[in-house]
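The next block holds one structure in the form of structure tokens; read it before the comments.
The values are calculated or read from the model by the stated rules, or taken from the named source; none is laboratory data. All of these numbers come straight from a predicted model, not from anything done at the bench. Reconstructed Cβ throughout: ideal geometry from the backbone, glycine too, with neighbour counts over all protein chains shown. Accessible surface is based on the protein model in full, side chains and every heavy atom, while ligands, DNA and RNA are left aside. Shrake-Rupley method; radii C 1.70, N 1.55, O 1.52, S 1.80 Å.
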Amino acid sequence: MEKLAKRIIAIVIIAGLGVGGGLGAWFLFLAPGAGEYSWSSKDCPGAPSGISSDQIIKFGITGDVGEITGDGAWEGCYLAAKEINEAGGIKINDTTYYIGVTREDSDEANPNLVTSRGIAAAERLVYNKKVQFGIGGFRSEALLAYQEVFMDNEIIFINTGAATDVFCENVRSWYTRYKYFWRSMPINSSSLGEQIFNYLFRLIYVLNATYSGEIANVGIIYEDLTWTEDLVTGIEYYFGPYGPLPAYRNMLTANIPYDVTLTAADMLTHVNTLMAADCDIVIPIISAQGGLMLMQHYATLQPNFLVVGIDVQSQLDTFWTQTNGDCIYEIQMQSIHVTNKTPTTIPFWNAFRAEWGHDPLYTASGSYDALNFIVWAINETQSLQAYPTLTQKMETATKANILANPELFPSSVGGLGAYWPTTHDLVAGYPFGFTLFCQWQANATKVIMPSYNSVYIDSQLSNIGTLILPPWLITDWTT
Amino acid sequence: MLNLKIVKEKMNEFPSYLKSWVKTFTGSLTIFCLLILFVMPFLSANQSFTHVFLRQFSLAMIFAIFAASWDLLTGISGQISFGHAIFFGISGYICAYLIKYQSFPIWISIIISTVVAVFFGLAIGFPLLRLKGPYLALGTLAMSLILLKLFLMGSLADWLFGSEGISALPGLAATPVIEYFILFIFMILTFVILIQISKSKFGTILKSIRDDEVGSDASGINTTKYKIYAFMLSSFFAGLAGGFYALYIGAVNPTGNFGTVLSFFAILMASLGGLATISGAALGAFFFIFLEYALIEIGVVEIGNLAIDFGLYKFAIFAVILIVIIRFAEHGILKPLLERLKDLWDLLLGR
Amino acid sequence: MLEIKKIYHYYGKAKALEEISLKIEEKALDAVIGPNGAGKSTLLRVISGLEEPDRGKIEFLGERIDKLKAHKITKKGISHCPERRRLFFDMSVADNLKMGAYPVKNKEVYKAMKNFVYELFPRLNERRKQRAGTLSGGEQQMLAIARALMSKPKLLLLDEPSLGLAPKIKKRIFDVIEKIKQEGTTTLLVEQDAVLAMDIAENIHLLEEGKIEMRGTKKELEKEPRIKQVYLGI
Amino acid sequence: MGVILEVKNLTKKFGGLTAVNDFSFEIKRGEFIGLIGPNGAGKTTVFNLISGFEKPSSGRIRFNGIDITGMKPYKIVNLGIARTFQLVRSFKYLSLLDNITVSCLSKRGKEVSKKTGTDNYASSILASVGLIDKARIPPIILPHGDLRKLQIGKAVGTNPELLLLDEPFSGLSFEEQLGITDLIKKLHADGVTIFITGHVLRELMTLVPRVIAMHQGKFIADGPPVQVANNKIVLEAYLGRGVKIA
């Protein structure tokens, strides 16, 4: 009897396992339409409820969930979509459409990159969520792999985070395949270098004029990683013995690469080296914690140099509290700040702060511009067809056309949004894509520095402050 | 090393051996699972299915091959490798280079890159053979880190395609379904070969080296020779997986193909399934890939006012699940799973 | 003082101790001799609680201790100086002695014992700061004995103190053991070197394959041909 | 009966310690010979040197006329010297049959297994050491005595001419010792030269017709057991200096 009961239980369990597993698999994977995402008004911020899936223009955002660059891309797109939807969406051939945004985690900011996760994210967006446009990307290696999914499916993808030249070179060399690829942020690394050097030359010139030639030595301190290489080579060239400008030759007296895992004690040694080399200006090229340590030692030791360069963490408004105000007097570059780069920059800045409670990162402004750029092209052409209609329309956003008729083009927040038609890359240089130089000043305020008209025309920008030198530096330079 | 006559004998008795194997519980279960895997692509013409889920199956199969190759070296032969990404990555790079810059056909590239991986197995196995246990593990780890750095930075990086690697490779096949079947066939081949090796006299010798190297030496076995064979065989299959992975992704880059995390994937998958079982590696790989995928897929779950983002904490949750499994099944899930199923089956048959 | 009653101990199937009975009087120096593998070390391990006997009783000062854990037995006053001198090789001589005095809580006692030990082994006093691992074989043996003495034991168990030492040094160690005995510490010595052991011990127990084959004083045993047979098999 | 093993002036130093000191002896083919000495005399070191697990500091070892000094262990096994270890070693996750199979796959083992088939050869050895009914189980659950038998089986699998047995009786019960004794006697009867160490002498001294004694690495005596046991130096080595025992 007992045996029979056990047998019945076994039959039930096995049948349950089989049927349950089969049905589960059926519903999850195999049923018609299974695994497909159903779009609704909850994906369209600011849109009225109850809109149908057909009324949604679907944007997919790739990036790392829970990490600043990926979140930035999402926040920018979300804000852009919300603004458009709240304004009533867009009309294409008398039908109203709303903007839908969705994101997938590509885990690309992970130092231990697992490329297949980026691919899976892109595939989910394209096949599962059936997006019509893609925005995002941050890590070059990851994006190089998963951009192919978008290209395969002829979906316009706008990169808002990876600076490598390869992407846009692809467009030039294999247009038939890569014509759907665009970059709205950041400006490419060679243009970036150009802007930094221009600024440094002018700054040194101006300081030397004021303090009778006190600036004689510069030093660089940088993370020993691939992305810093070109910039360092440039600095070594311009301030080295064979520089093209005689006035700046032989100025480089300290050249400090460091491993990103350095400790505060290591940084102290480096700062002492910089002081011993008698540097007057120190150029950091830093993306990680190093900047924080540098500024902490700077505030304590009060060395006789000024810090001017790239410090990614210092772009965030949280840097002041992180360093407890030690970052004061640091000058670093960032893409966007509260200024009239374009007429929409300040409204965007305020709207973003109102929506998310913090300052936008460069990926946020880039993706905001990217979404608006696509929506502009859709609106202009009254079409959703990527090629040739939309692509051709987007390719008219050239430097010359925008300067001639700025009112015909979308107003982007990071600079006048012009693109090279052959590479689909962002045009760099005032007033298109340019970098701002900002200084941390008393009471956690961050002020835009005059570039002495070398990178941007100072008189054209609002919120330009004055350079404030640390008191100990003024004493040193005037005596 | 290989006795041809014995191989021939085995070949002759193969059909009957196969017949009796199919009748065993493990045999029929294996055939059942393979059948499911075989019919899967035909069950749905849904685009989302083929491009998203089937591709995950393909990924799992690549990692199954990779994890099984690790299991041969570490589980069967006892040579602990923490740097298996060496073979995986080098093969991927060679494959990508041949296809992209030498216009070699895909299959020739895969064969050449696998052979190169075997040479790397030889080149790395040889100097590291004097190291044992944790020191060998550290040695292989160091080797993989050196290779990663070599490809990533310094003046060599320009020559070795730098941090961006090689991209825009053609896929393994025109459609995900064909890709799936190619990988399916190669996975079965790999597992048949590796399981046969582990059951052969050769496998017995490898296991004896794992259990007691001195004792194996005292039994008259040239342990050095066999350890090198193990390294070469393992790197062959790791290289095969590496080549497939490069084509699956469509790009290679230092972190994505040499990263230590890949070595740990192999270790985790193989140990999750069950060390020294070979087939455990497949179970582990499928389990691993789909658990990770499910956590990402579930995304945000809202319970009342509380929103738990599984996507955000996926790796923490993932780690906890793995720890719990390893805590309760320290020899992997394969054996306990088979035993439970067998118990159930026996009950059903009234035994 | 210590009474062992019919102790049995097995390793798997193999018998290590069989019906061992022993009685040690206060302030006595007893020796257990026998060839290697006879079970001498096992006997000491069973007394000091490192292994639990399978059968039998051990009484120390009238108290049963055969079920107690090793650290509790140490507290009762039995100190075991193990075979092959298990020292803390990376610690200094002085620190090794401190470790030996671990069960002693009284500072005065500790100081007194330290002085006593250094007096006993002036050599160790000289090398106080040296690492134990750098000492010579004889010195290490001295340190091992000294360490065992630090806890001011009532009963000292010495396991093969002469193992691997040159004859001259052996002699020196045994002189010290005699001195310890004269100071009033009860000692149970396990030793393979029958001649040396018989020279200093009052009662000698001959062990063969886990059994006590014979016992007596030096005079009684000296003429026995059995000893040779036990040692050499013939 | 020719000389099978010739050891000349063998010396092994570990740092400052001389474990084997200018040690010489010969073994004839087919002999049954013991190596005795008190604990720490250097018996195991002598075995390690002969079987190649340690390299001598100086001196020569010849086997069948071939100089095997400093050769790798597996090569020495392939020439015909097999050994067992004082602490039992086994492949703990392999079945007993596979434990033996590994030896049968060595060069000399294969010469036999080629004719009979590896599995047959391995099972015949397993049967001869009396473990055939446990062929499929792994050694971890085996009692100590069976492990000693397995060890001997593993050594026999390599088809040796000379068998070195290091303390084959230690840790065994009386009955188990008897079993091993029988096994060794049988092997000797089959023509294997046997060289055996032990510090528990009761079994050993009655088993072998000839013993070599060593103390602190040095050779001290050679001859029939009774003669060696009455040697004054041997007695002193075991019982201590100045022994007066009759």
Worksheet entry | Qualifying residue in the stretch D:48-57 (condition: under 16 Å from the mean Cα position of the chain (by Cα), more than 30 Å from C:Glu160 (Cβ to Cβ) and β-branched (Val, Ile, Thr)) | no
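The rows are residues; the columns are (1) assigned to a helix (DSSP H, G or I); (2) not hydrophobic (A, V, I, L, M, F, W, C).
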position	(1), (2)
A:Thr96	no, yes
A:Ala120	yes, no
A:Leu125	yes, no
A:Asn170	yes, yes
A:Arg177	yes, yes
A:Ser191	yes, yes
A:Gln195	yes, yes
A:Asn198	yes, yes
Worksheet, complete the sentence: Residue hits (the stretch C:122-140; open to solvent by 60 Å² or more (accessible area, probe 1.4 Å) and charged (D, E, K, R)) are C:Arg123, C:Glu126, C:Arg127, C:Arg128, C:Lys129, C:Arg131
Discussion item. Of the residues C:Ala148, C:Ala144, only one is in contact (Cβ under 8 Å) with a residue 40 or more places away in the chain, of a type outside the set (Phe, Trp, Tyr) and farther than 25 Å from D:Leu239 by Cα; which?
Written reply: C:Ala148
Discussion item. Yes or no: the stretch A:54-62 includes at least one residue that is away from every other protein chain (no Cβ under 11 Å), open to solvent by less than 40 Å² (accessible area, probe 1.4 Å) and aromatic (Phe, Trp, Tyr).
Written reply: yes
Worksheet item: Is the stretch C:214-234 home to any residue that is more than 14 Å from chain D (Cβ to nearest Cβ), of a type outside the set (Phe, Trp, Tyr) and surrounded by 23 or more Cβ atoms within 10 Å (Cβ to Cβ)?
Response: no
Item to complete: Take the residues in the stretch D:206-246 that are under 28 Å from C:Lys218 (Cα atoms), aliphatic (A, V, I, L, M) and more than 11 Å from chain C (Cβ to nearest Cβ), then tell me which one is most open to solvent (accessible area, probe 1.4 Å).
Response: D:Ile233
Worksheet item: Scanning the stretch D:188-200 for residues that are more than 14 Å from every other protein chain (Cβ to nearest Cβ) and surrounded by 20 or more Cβ atoms within 10 Å (Cβ to Cβ), which turns out nearest to the chain's Cα centre (by Cα)?
Response: D:Phe195
Fill in: Selected residue (only one of C:Leu143, C:Leu207, C:Leu165 is assigned to a strand (DSSP E or B) and open to solvent by less than 60 Å² (accessible area, probe 1.4 Å))
C:Leu207
Discussion item. So A:Ala163 ticks every box in (1) open to solvent by 10 Å² or more (accessible area, probe 1.4 Å); (2) more than 11 Å from chain B (Cβ to nearest Cβ); (3) under 24 Å from A:Cys44 (Cα atoms); (4) not polar (S, T, N, Q) but one. Which box is left unticked?
Written reply: (3)
Item to complete: For the stretch A:130-151, name all the residues that are open to solvent by 10 Å² or more (accessible area, probe 1.4 Å), out of contact with any Leu (no Cβ under 8 Å at 6 or more places or on another chain) and more than 9 Å from every other protein chain (Cβ to nearest Cβ).
Response: A:Phe138
Discussion item. Show me the helices (runs of 4 or more DSSP H) entirely contained within the stretch A:325-401 in which 2 or more residues are open to solvent by 50 Å² or more (accessible area, probe 1.4 Å) and farther than 16 Å from A:Ile84 by Cα.
Written reply: A:345-356, A:391-394
Response to the item:
Checked against (1) closer than 20 Å to B:Phe87 by Cβ; (2) open to solvent by 10 Å² or more (accessible area, probe 1.4 Å), B:Gln196 satisfies every condition except (1)
Worksheet item: Looking only at the stretch C:95-121, which residues are open to solvent by 70 Å² or more (accessible area, probe 1.4 Å) and over 21 Å from the mean Cα position of the chain (by Cα)?
Response: C:Lys105, C:Asn106, C:Lys107, C:Glu108, C:Lys111, C:Asn115
Practice prompt. Please work out which residue is farthest from the other protein chains (Cβ to nearest Cβ), limiting yourself to the stretch A:91-101 and to residues that are open to solvent by 10 Å² or more (accessible area, probe 1.4 Å) and touching a strand residue (DSSP E or B) at 6+ places or on another chain (Cβ under 8 Å).
Written response: A:Lys91
Item to complete: Would you check which residues across the stretch C:168-178 are more than 22 Å from C:Asn203 (Cβ to Cβ), away from chain D (no Cβ under 12 Å) and either open to solvent by 70 Å² or more (accessible area, probe 1.4 Å) or without any contact (Cβ under 8 Å) to a residue 24 or more places away in the chain (or both) and list them?
Response: C:Arg172
Fill in: Scope the stretch A:41-65; condition assigned to a strand (DSSP E or B) and more than 26 Å from the chain's Cα centre (by Cα); matching residues
A:Ile56
Worksheet, complete the sentence: Those residues of the stretch D:168-210 which are modelled with pLDDT of 85 or more and part of a loop (DSSP other than H, G, I, E, B) amount to D:Pro168, D:Phe169, D:Asp190, D:Gly191, D:Val192, D:Val208, D:Pro209
Discussion item. With at negative phi and within 31 Å of the chain's Cα centre (by Cα) as the only criterion, which of A:Thr273, A:Thr263 stands out?
Written reply: A:Thr263
Worksheet item: Restricted to the stretch D:158-187, and to residues that are within 30 Å of D:Thr11 (Cβ to Cβ), more than 10 Å from chain C (Cβ to nearest Cβ) and in contact with a Phe, Trp or Tyr (Cβ under 9 Å, 6 or more places away or on another chain), which residue is surrounded by the most Cβ atoms within 10 Å (Cβ to Cβ)?
Response: D:Leu165
Worksheet item: Quick check: is even one residue across the stretch B:262-269 of a type in the set (S, T, N, Q), at pLDDT 90 or above and open to solvent by 10 Å² or more (accessible area, probe 1.4 Å)?
Response: no
Worksheet entry | Search result, residues across the stretch B:303-338 that are more than 24 Å from the chain's Cα centre (by Cα) and either at pLDDT 80 or above or within 14 Å of chain A (Cβ to nearest Cβ) (or both) | B:Ala307, B:Ile308, B:Asp309, B:Phe310, B:Gly311, B:Leu312, B:Tyr313
Worksheet entry | Residue list for the stretch D:55-76, restricted to those being open to solvent by 10 Å² or more (accessible area, probe 1.4 Å), closer than 18 Å to D:Phe195 by Cα and within 14 Å of chain B (Cβ to nearest Cβ) | D:Pro73
Response to the item:
Selection over the stretch A:1-22 where residues are at pLDDT below 80 and at the interface with chain B (Cβ under 10 Å from one of its Cβ atoms) yields a count of 1
